[in-house]
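Input: a single structure, listed below in structure tokens.
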């Protein structure tokens with residue numbers, strides 16, 4: 001029995017490490033890989049898989065976010081403002097997940113994976129010359145970020161209300177599915193609020209850990225965070241993400257991201273199929 005548990009833990013640790021590594025190299029995050037790994041690979045209950053993914057998100061986000069804050073790229077004020085929306089949504093999403101049928105969650109998860117894969121092919125635009133809205137100015141959401149060889153570049157943003165509403169939906173999906181919902185967060189900041197891409201991605205990373213922590217409280221109260229699953233996943237994803245961050249500086253990952261996006265689409269199709277056929 002002890003040997004079986006040890007083997008399961010080691011295999012899970014290696015799987016989580018690879019999930020964190022791939023998530024870091026492709027920019028999708030380890031949580032996107034962890035839940036299919038646990039549910040499809042290890043037959044772990046969906047709720048326990050979500051709980052483990054949330055714990056992993058807290059760990060990986062905290063490590064990466066601190067580095068970006070020190071570099072002055074993250075807009076902390078914008079992140080804290082939008083975190084109000086995502087936290088409310090995250091608690092609501094976690095409560096919905098407790099009574100929603102697992103098959104329905106699997107279908108929604110598959111659809112979000114498809115959106116995530118599609119975002120890999122989206123053109124990344126650094127918005128310049130944006131005239132900020134009065135609301136954004138009054139809230140003090142304008143900022144600057146460093147550009148190598150140029151110095152600090154100032155930027156403004158707009159559509160605060162729409163961005164806030166999208167963030168509520170991002171929070172709901174985070175609590176419901178156990179992923180950081182970085183796709184919706186980047187959509188809210190980059191596409192809607194016209195925040196420069198580098199700032200939107202780093203600010204999203206800063207927010208993911210707080211959003212996941214809000215959702216995790218509900219899962220802890222209901223007993224859906226199993227240390228035997230969550231701890232190996234957290235350690236594996238964290239070290240995988242750190243390795244990926246180092247390799248990212250030396251690797252050309254464009255092809256890898258395209259291949260991984262196709263793999264994610266296949267996993268999404270599997271999730272949706274299993275959801276409709278009631279296999280979860």
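So which residues in segment 214-230 are surrounded by 18 or more Cβ atoms within 10 Å (Cβ to Cβ) and in a helix (DSSP H, G or I)? Result: 214, 215, 216, 218, 219, 229, 230. Looking for something at pLDDT 85 or above and touching a helix residue (DSSP H, G or I) at 6+ places or on another chain (Cβ under 7 Å) - is there at least one such residue anywhere in segment 117-132? No, segment 117-132 contains no residue that is at pLDDT 85 or above and touching a helix residue (DSSP H, G or I) at 6+ places or on another chain (Cβ under 7 Å).
Among the candidates 188, 170, 136, the residue that is farther than 30 Å from residue 106 by Cβ and in a helix (DSSP H, G or I) is uniquely 136. Of all residues in segment 91-119, those that are within 18 Å of residue 48 (Cβ to Cβ) and assigned to a helix (DSSP H, G or I) total 14.
Counting only helices (runs of 4 or more DSSP H) that sit completely within segment 1-88, those holding 3 or more residues that are modelled with pLDDT of 85 or more, surrounded by 24 or more Cβ atoms within 10 Å (Cβ to Cβ) and in contact with a helix residue (DSSP H, G or I) (Cβ under 8 Å, 6 or more places away or on another chain) correspond to 46-71.
Name the residues in segment 133-147 that are surrounded by 12 or more Cβ atoms within 10 Å (Cβ to Cβ) and at pLDDT 85 or above, would you?
133, 135, 136, 137, 139, 141, 142, 143, 144, 145, 146
Summed over segment 176-213, the residues that are under 12 Å from residue 93 (Cα atoms) and at pLDDT 85 or above give a count of 1. Residues in segment 158-167: is at least one part of a loop (DSSP other than H, G, I, E, B) and either out of contact with any helix residue (DSSP H, G or I) (no Cβ under 9 Å at 6 or more places or on another chain) or modelled with pLDDT under 85 (or both)? No: segment 158-167 contains no residue that is part of a loop (DSSP other than H, G, I, E, B) and either out of contact with any helix residue (DSSP H, G or I) (no Cβ under 9 Å at 6 or more places or on another chain) or modelled with pLDDT under 85 (or both).
The values are calculated or read from the model by the stated rules, or taken from the named source; none is laboratory data. Because the structure is a prediction, the values reported are computed rather than measured. Every residue, glycine as well, gets a Cβ built from its backbone with ideal geometry; the counts of neighbours run over all protein chains shown.
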